[in-house]
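S.K.: Here you go, one structure.
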Amino acid sequence: VTIFAPTETRTERRGQKFVTREAPAFPGYVFVQPSPATGGIRAINATRGITKLVSLGPEPAVVPPDLMAALRHRFAPRTELTPAEFSPGDRVQILAGPLADFIAQVEATAPQDRVYLLIDLMGRATRVAVDAKHLRGLTE
């Protein structure tokens, strides 16, 4: 049986600190590809911790291969960058968090892997702080 349980890095504020941890992207769900040699669906249903398979009618739901490929690409491990790799004026893409997929401009870098960005929200430049590992530099 092949499994895929995507995770994403989440940064949460706990008191005065920011805590970064890996968390399930789809809590409570795991993608599986059963093997006929191991009993197929019966083996999955009998696995400890599995409540039930998502089904449409009597058969388990099948995720299209192109969607699975897109999910694997989206949740593939990324190389981490440090603030030193960014300079004021650089354009970056935010990879995680509530501003994921936004394009922003680096304003400044700070200690503890923080990068200050200027992002256009509702027609106004807004300053936000983002962990450097959640950024990807863009080439013009």
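S.K.: Looking at (1) on the phi > 0 side of the Ramachandran plot; (2) modelled with pLDDT under 80; (3) not basic (Lys, Arg), which is the one condition that is false for ALA43?
M.R.: For ALA43, the exception is condition (1).
The rows are residues; the columns are (1) under 23 Å from the mean Cα position of the chain (by Cα); (2) under 19 Å from GLU8 (Cα atoms).
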| position | (1), (2) |
| --- | --- |
| PRO98 | yes, yes |
| ALA108 | no, no |
| PRO111 | no, no |
| ASP120 | yes, no |
| LEU135 | yes, yes |
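S.K.: Okay, next question. State which residue is modelled with the lowest pLDDT when the search covers only segment 9-34 and only residues that are in contact with a helix residue (DSSP H, G or I) (Cβ under 8 Å, 6 or more places away or on another chain) and under 19 Å from THR47 (Cα atoms).
M.R.: Applying the filter and picking the extreme gives PRO34.
S.K.: Kindly evaluate PHE18 against the criterion of being assigned to a strand (DSSP E or B), of a type in the set (A, V, I, L, M, F, W, C) and open to solvent by 60 Å² or more (accessible area, probe 1.4 Å).
M.R.: Answer is yes for this residue.
S.K.: Would you point out which residue out of THR51, THR79 is within 20 Å of the chain's Cα centre (by Cα) and modelled with pLDDT under 85?
M.R.: So the residue among THR51, THR79 that is within 20 Å of the chain's Cα centre (by Cα) and modelled with pLDDT under 85 is THR79.
The values are calculated or read from the model by the stated rules, or taken from the named source; none is laboratory data. No experiment lies behind these values; they were computed from the predicted model shown. A quick note on method: Cβ atoms are made from the backbone with ideal geometry, for glycine too, and the neighbour counts reach across all protein chains shown. Protein only, heavy atoms only, side chains kept; ligands, DNA and RNA dropped before computing areas. Shrake-Rupley method; radii C 1.70, N 1.55, O 1.52, S 1.80 Å.
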